[in-house]
Amino acid sequence: MTATAPTLFDDPVVPPLRRILNSFRGPVGSISATLVVTLLVGLIWVGPSFFSPSNIQIVGVSVAIPLIVGVMASFALLAGVVDLSIGSMVGFGAVVFNQLVATGMNAWLVALITVGVGVVVGLTNAFVIVRFGAEPLAVTLGMLTLLRGLSQVVVVSAPPSTLIEPLYNVTQGAIAGFPTLLLIGIGVTLIAAGIVSKTRIGRKVQAVGGDDRAAARAGISVSKVRVIALVASSVGAAVGGILYVGQLGSASNVLGTGLEFQIYAALMIGGYSITRGGVGNPIGGLLGLLVVAGITNILNVTFTDPNYLDLITAIILVAAVLVDRFRGGDAFE
Amino acid sequence: MTTSLITPADPAAPQSPGGAKLRRPDSRGLPVSARDALSITGVWALLIIATTIVRPDFLSTQSLLAVTFTMSISGILAVSQAIIVISGGLLDLSLPVSLILSAWATVTALNNGLPTAVAIPIGIVTGMAWGGLNGLIVVFGKLNPIIVTLATGFGGLAVMLIFFKSAQIPSTSELRLYGLGRFLGLPNIFWPMLIVIVLGGLAFAYTRWGRRLIAVGGNPSAAKARGINLRRMRFASFIGAGAVAGLAGVMFSAVTPSFTPAAGASFQLIVIGAVILAGISLSGGKGNLLVLVLSVGFLATIPTSIAFFGLAPAWALVFQGALLIIAVGIDGYRLKRTAR
């Protein structure tokens, strides 16, 4: 699970301890250090109650949905196409799901429709980006606005509230003291990490993101990989929307606004890059999200102005890309 | 891809008359910028005609005022964004902060009894300082401007939210009265926008700095080989763009009786959309400010048209988003075709 560049051939045999240490030398190492610092600050400032089960539950519930959305979106980043529309897609997915469930339709069918909407949005992004070679950032910025507009068209005033028993249990429940949703999120992360580092598909995605021309010469269908990555990103966001409805019992037309910035900041802190593909690992993304969630929690518990969170995130983000550049990442000019 | 773009890398090289930066003829012999101008004017005319057919009262002074009013601040901000994009700085995502910070500085100066002639430069200098901060991080950190301005964008908004909740301009100040007034039938603030666009367009075409900016954006290594200092140019482009955004902030404070730190967010998309729609490619080195004023006008007409069609205001977002997607699609397709 190294976060360094993928090797096409088998690595030379390295002793297990060395291997573990090596895996901490990349971005995952610096982000782990940041996480440890965050936890220490929490322990000193907040006290032992920082690690109390109820507090872990709060952090876990707040981090789980961004984690699932972020891990799915990280495939697009890895393939070298950034998808800025995920925040609006979370909101629009939630609005579609909530409104249709409120009409009395079967929740499973509605969930399927919502995922279908995610597929359509992902395919639209992919069509313009891959077929016409348009700038992903600009296309998905357009999609961000379009979906936000649609949410506001559908939900004008107060949205209906819905309570779906099984979904509520999943999103708010706990297994052995750990929030169920967080366990699901970690499961998704581990599966994604396995796909990225151990399978042919994962290597193809990394290759396409790293150098699409070389990947094309190696016989990889660049378009296919990018289409799949963009659809995965949108579908992940749609699922995130459904989970938010389960958690909140409703969906307003501003749900998910700015979520993409939080998620991408966390992913970049975790070693991803929004300007070049092929780098990053879902584990790093998980750690990045935990750092941001940890800081949020410290600020909440100590009743600090939540605006400091965005400021701290911004500083960590710049520091993270700076560290990445010193480590050999692309320099701008 | 960029090598196929003919870029005037030499600032001293003779420039074709008319000032169009890229007279890259297409199959019909029209320069690309002229074709862009024609197509945007066409779509704009279609929108106006369609709205007029549905609601004949659309063609009124009231609509004209609404559209030109919307155009004013977006237009100045679009020039600021265009300076960054043309010079190869990709995008400045922190423009909303730039706008509100300058507006806040202007208003604060006025509230402290400073004369208008001092308050306006304070606003512009604040914009320059903000641009300078972004430029410093980009140049000395050698970091990608999109990431840097993404971070300074939400970090800056957070700082503003910590320091002020809302700002009011003194209702009897000269600047406020200026913002309420009209000149030649159009809102006062429309004219500074026009002047900025004309001056900006002339500066890009005829001054040494302007041509150097285009050169740096179009082909950095060629520009460097010609002895242009890339880092100094990049820093200067951020300061210059900041000054323009500062002016937008001053105008914004003149027309807005009270604003919150988050008030700038709504400009983000219309500005980026206008720049891309105008054919100012994100790959840098090309663009025409005349086309920019047309695309700002077109995008500014959409909300008014939506209102006349009797649709909810949110539809404006849907249309602007869809248009941006189509515009970048066309831009990408064109780049792909010329690369072949």
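The values are calculated or read from the model by the stated rules, or taken from the named source; none is laboratory data. Keep in mind that this is a model prediction, so the values were computed, not measured. Here the Cβ positions follow ideal geometry from the backbone for every residue, glycine too, while neighbour counts run over all protein chains shown. Note: areas computed on protein heavy atoms with side chains; ligands, DNA, RNA excluded. Shrake-Rupley method; radii C 1.70, N 1.55, O 1.52, S 1.80 Å.
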With all protein chains present and a 1.4 Å probe, how do A:Ser221, B:Ser266, A:Ser250 order by accessible area, largest first?
-> B:Ser266, A:Ser221, A:Ser250
Accessible-area order for A:Val119, A:Val156, B:Val85, B:Val293, largest to smallest, probe 1.4 angstrom, reads A:Val156, A:Val119, B:Val293, B:Val85
By how many nm would the segment from B:Val125 to B:Thr207 grow when fully extended, if each residue of separation counts as 0.36 nm and the alpha-carbon distance is taken off?
-> 27.3 nm
Exposure of A:Asp310 as accessible area (Å², to 10), given a probe of 1.4 Å and all protein chains = 50 Å²
Can you give the accessible area of B:Ile48, probe radius 1.4 Å, in Å² rounded to 10?
-> 50 Å²
In nm, spacing of pseudo-spin labels at A:Ser54 and B:Ser39 (7 Å Cα→C-beta vector) = 6.1 nm
Expressed in angstrom, Rg and Dmax over the Cα atoms of chain A are 19.8, 62
Divide, for the range A:181-295, the radius of gyration over alpha carbons by 2.2 N^0.38 Å, where N is the residue count.
-> 1.17
For A:Ala138, net neighbour charge (Lys/Arg +1, Asp/Glu -1) across residues whose Cβ lies under 13 Å away | -3
Which translational diffusion coefficient, to the nearest whole µm²/s, is obtained for the range B:171-215 from the Stokes-Einstein equation, given a Kirkwood hydrodynamic radius over C-alpha pairs, 20 °C and 1.002 mPa s?
-> 173 µm²/s
Overall Cα dimensions of the range A:62-255, principal axis frame, Å, largest first | 52, 42, 25
Please list the equivalent ellipsoid semi-axes of the range B:91-170, computed as the square roots of five times the alpha-carbon gyration tensor eigenvalues, in descending order and whole angstrom.
-> 26, 14, 8
Simple spin-label model, 7 Å along Cα-to-Cβ: B:Ser258 to A:Leu43 in nm?
-> 4.8 nm
Taking all pairs of distinct alpha-carbon atoms in the protein assembly as shown, Kirkwood radius in angstrom | 26.1 Å
Among A:Leu150, A:Leu311, B:Ser281, pick out the residue whose Cα is farthest towards the positive end of the charge dipole of the protein assembly as shown, where Lys and Arg carry +1 and Asp and Glu carry -1 on C-beta, about the Cα centre.
-> B:Ser281
Which distance in nm do the two modelled labels at A:Leu183 and B:Gln62 give, with both placed 7 Å along the Cα-to-Cβ direction?
-> 6.2 nm
What Kirkwood radius, in Å to one decimal, follows from the Cα pairs of chain B?
-> 20.5 Å
Using distinct alpha-carbon pairs, which all enter the 1/r mean, Kirkwood radius of the range A:46-140 in Å | 15.7 Å
Measure out, as a whole number of angstrom, how far apart the alpha-carbon centroids of the range A:277-300 and the range A:100-129 sit.
-> 28 Å
B:Lys336: accessible area at probe 1.4 Å, nearest 10 Å²?
-> 80 Å²
So which helices of chain B fit the span-like rule, where a helix is a whole DSSP H run, its Cα atoms reach 20 Å or more along the axis, and its mean Kyte-Doolittle is at least -0.5?
-> B:32-54, B:61-86, B:95-111, B:116-141, B:145-163, B:190-206, B:230-255, B:289-309, B:314-339
Based solely on its DSSP helices, what 222 nm [θ] is calculated for the protein assembly as shown when runs of n ≥ 4 H residues each add -39,500 (n - 2.57) and the sum is averaged over all residues, nearest 500 deg cm²/dmol?
-> -23500 deg cm²/dmol
Taking the Cα atoms of the range A:119-204, report the difference between the largest and smallest coordinate on each principal axis, in whole Å and largest first.
-> 50, 48, 17
Accessible area, probe 1.4 Å, largest first, for residues B:Phe204, B:Phe69 | B:Phe69, B:Phe204
Using the per-residue mean of other Cβ atoms lying within 10 Å as a proxy for protection, in what order, highest first, do the peptides A:176-189, B:171-184 fall?
-> A:176-189, B:171-184
Say R0 is 45 Å: what FRET efficiency, to the nearest 0.05, do B:Leu177 and A:Val36 get from their beta-carbon distance?
-> 0.20
Total formal charge among the other residues, if their Cβ is under 12 angstrom from that of B:Leu161, Lys/Arg +1 and Asp/Glu -1 = -1
Two-site FRET efficiency, A:Ser161 against B:Gln168, from Cβ-Cβ distance with R₀ of 35 Å, rounded to 0.05 = 0.40
One-quarter of the Cα convex hull surface for the range B:212-340, in nm²?
-> 10.3 nm²
